[in-house]
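The values are calculated or read from the model by the stated rules, or taken from the named source; none is laboratory data. None of the values given here were measured: they were computed from a predicted structure. All Cβ positions, even for glycine, are placed from backbone atoms using ideal geometry, and neighbour counts span all protein chains on display.
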Amino acid sequence: MSIAESIQSIGFLTAFRESAMVYPIVMTTHLSCIAVFGGMILMTDLRLLGVAMTDRTVTDVVNQFRWWKRVGFCIMVTMGSLLASSEAVKYSPNPYFWAKMSLLSLVAVHAAIFRPLVYNNTAAIDKERTLPARARLAGALSIMLWLSILTMGRMIGYWDGPGSPSKPAAQNSHTAAVVQLATVGRAPSR
Amino acid sequence: MFLVYDPTTNPLNNNDWAFPLLECIHIAGFTLSIGTIAIVDFRLLGLGTQKPVQLLKETAPWTLVGLVIMLISGPLIFSSDPYMYLGNYSFRFKMVALLVAILYNYTVHRKVVLAGASPGVNKLVGALSLALWVSVVAGGLFIAFV
């Protein structure tokens, strides 16, 4: 049995995968968190770029959203882990899944670099007359990273298996792609 | 015109990347709109220090940008398979929820934030707003499952 098979055969993950309603509900939670907390990431980044909430200091904006972004991130990772591990056999060969995971690890690199330079150093940034390049760079890279993560996440559902780069769009739509991903492992009747 | 429309002629259905990328634009759009509304909602629920009315003024233009992105990308997605969407109960639910959520956002929600209200009313208005927008997201996702 492969590693992926062992993971997804864990009792509760099997039950999770085979439930008709739990899987889409967890997906909805994942997507709702993206909507609710992703907005805070975007607004922080846009403030660092100097285009949004410019009446307020960088310190204000960064601090206001910081803890909420962390809470949202934890929920998203929990839901995402459930979605991926319960379908480990389906996800493990999927290049878009690994692209998403690699990009997520770059978020840690981004934090390691820009936390001391920008996010933990906002008082110094607010003292400067114009937004320093490091703040703009942090915001721009963060937006690019998260939009790429979003795109790779969505593309996971469009990958058809080895040898088929993506499905011919004429034969599928949103529905087919999501159902195809979500119904693997369910009873054959579905 | 609608009666003779053949979705297979839609460019969205004849390119591998067009449809998924449009979905990504749609998700990014509603993240911006719902996310900025949620910022105000969290404040109404009592979290944070900024006055709700200030937050609303700062985020409202971005809510509108997000709404425009999602209201352009959404109908384009719809055009890829209109007959399927029209008959889909989750899609119908989503359209009603969306209409209610937008109306609510620009009437009750906006008025309460601008005028200021008691903490109890604020909490109720913020919670209802979050619930409405989450049900729009849920309605969209469940299109693929009903």
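Filtered by the rule that a residue be at pLDDT 90 or above, hydroxyl-bearing (Ser, Thr, Tyr) and over 29 Å from B:Lys57 (Cβ atoms), segment A:39-90 gives A:Thr78, A:Ser81.
Residue-level check: of (1) assigned to a helix (DSSP H, G or I); (2) modelled with pLDDT under 95; (3) under 30 Å from A:Asn63 (Cβ atoms), B:Gln50 misses just (1). Among the residues of segment B:27-62, those that are within 20 Å of B:Val113 (Cα to Cα), in contact (Cβ under 8 Å) with a residue 40 or more places away in the chain and within 14 Å of the chain's Cα centre (by Cα) comprise B:Ile34, B:Ile37, B:Ala38. Return a yes/no flag: does segment B:70-79 have any residue that is in contact (Cβ under 8 Å) with a residue 60 or more places away in the chain and more than 24 Å from A:Arg154 (Cβ to Cβ). For segment B:70-79, residues in contact (Cβ under 8 Å) with a residue 60 or more places away in the chain and more than 24 Å from A:Arg154 (Cβ to Cβ): absent. Checked across segment B:12-22, the condition of being among the aromatic types (Phe, Trp, Tyr), part of a helix (DSSP H, G or I) and surrounded by fewer than 22 Cβ atoms within 10 Å (Cβ to Cβ) holds for no residue. Name the residues in segment A:31-49 that are more than 9 Å from chain B (Cβ to nearest Cβ) and in a helix (DSSP H, G or I), would you? A:Cys33, A:Thr44, A:Asp45, A:Arg47, A:Leu48, listed by residue number.
Taking the conditions (1) in a loop (DSSP other than H, G, I, E, B); (2) surrounded by fewer than 18 Cβ atoms within 10 Å (Cβ to Cβ) in turn, A:Ala52 satisfies each one other than (2).
Mind listing whichever residues of segment A:17-49 are more than 17 Å from the chain's Cα centre (by Cα), surrounded by 22 or more Cβ atoms within 10 Å (Cβ to Cβ) and within 19 Å of A:Leu147 (Cα to Cα)? Result: A:Arg47, A:Leu48.
Considering the conditions (1) over 25 Å from B:Lys57 (Cα atoms); (2) at pLDDT 90 or above; (3) away from chain B (no Cβ under 12 Å), A:Ser148 is excluded by exactly one of them, (3). Of the residues making up segment A:122-143, just one is within 14 Å of A:Ala52 (Cα to Cα) and outside any helix (DSSP H, G or I), namely A:Leu131. Does segment B:117-138 hold any residues that are small (Gly, Ala, Ser), buried (at least 18 other Cβ atoms within 10 Å of the Cβ) and either within 9 Å of another protein chain (Cβ to nearest Cβ) or not in a helix (DSSP H, G or I) (or both), and which are they? Correct list: B:Ala138 only. Within segment B:77-89, can you find the residues that are in a helix (DSSP H, G or I) and either under 10 Å from the mean Cα position of the chain (by Cα) or crowded, with 18+ Cβ neighbours inside 10 Å (or both)? Those that are in a helix (DSSP H, G or I) and either under 10 Å from the mean Cα position of the chain (by Cα) or crowded, with 18+ Cβ neighbours inside 10 Å (or both): B:Ile77, B:Tyr85.
Looking across B:Leu130, B:Leu141, B:Leu103, B:Leu114, one residue alone is within 13 Å of the chain's Cα centre (by Cα) and under 18 Å from B:Val53 (Cα atoms). It is B:Leu130.
Of the residues in segment B:107-116, at least one is away from every other protein chain (no Cβ under 13 Å), small (Gly, Ala, Ser), assigned to a helix (DSSP H, G or I) and over 11 Å from B:Val136 (Cβ atoms).
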